[in-house]
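To keep things clear, I will list the structure first and then write my remarks on it.
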Amino acid sequence: MKILTLLLAAAAITSCSSLMPGDSYAPAPASPSSERQIQRSASMGLKSRSLKTSSEKSVALASQHKALVTSSSLTEDRYDATLRVPAVALSPLMESLNSVGKVTHQRVDMSDVTEAYLDLQAALKNKRALRDRLRSLLNRATKIEDILKIEKELSRVQTELDQMEARMKSMSSKVAHSTLNLSIKRDRIPGPLGAVKKGTGWFFGKLNHLN
């Protein structure tokens, strides 16, 4: 019984040390730990005289680069889309989109999460080892009281492990795929009719002002 108490106390200490309040563990991909873990997000703005054609072309280019359009909206004057792009295809896709219209702005933000990834990777290793020790202890336990205590501790550790693995999966996804926010605005070029319309509006505006 004394040995069991000591083992459970050690388990609790190990568990707490891997999840101290204030620790900022973020998840990442299953690639060699020596590689930098970089999350990228980008935005790109274009102008086009043919909004429908440009929006359709941008969707086709996204498909060619294995990107997924997760949301989009098209109005008379604007097309907006959010794309989920394989990280390696982000730059090639943005370069291809230069042909869709006149580029007004483009920006790529990068966040290095390597340290957070390595911290979480180490914490996961410790947590799995702790879970395995508790399982082994449970298999050897014979008293109902001991079994209940071990099962309670094992359940708590497994819950924490599941949460950490979910964060790891989330980071992995964000490193492997980038987000691109694309905006295409209609580039209106006033012609003779537009000039006449503008002049007429100015004339009636002045007339109303005089009245």
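If R0 is taken as 22 Å, the Cβ-Cβ distance between residue 162 and residue 69 corresponds to a FRET efficiency of 0.10. When the C-alpha to C-alpha distance is required to be over 27 Å, the pairs from 149/174; 102/174; 149/169; 66/169 that qualify are 149/174; 102/174; 149/169.
Taking one quarter of the surface of the C-alpha convex hull of segment 92-191 gives a mean projected area of 10.0 nm².
The aspartates and glutamates whose alpha-carbon is closer than 15 Å to the alpha-carbon of residue 185, local same-chain residues fewer than 8 away aside, are 56, 76, 77, 80. Residues whose amide H lies under 5 Å from that of residue 37, counting only those 5 or more places away or on a different chain, are 113, 114; hydrogens are built 1.01 Å from N in the peptide plane. Shown for 100, 108, 113: other C-beta atoms within 10 Å of each C-beta, ranked fewest to most, produce the order 108, 113, 100.
Every number in this text was worked out from the coordinates using simple rules, so none of it is lab data. Quantities reported herein were computed from a predicted structural model and do not represent experimental measurements. Backbone-built Cβ (ideal geometry, glycine too); neighbour counts: all protein chains shown.
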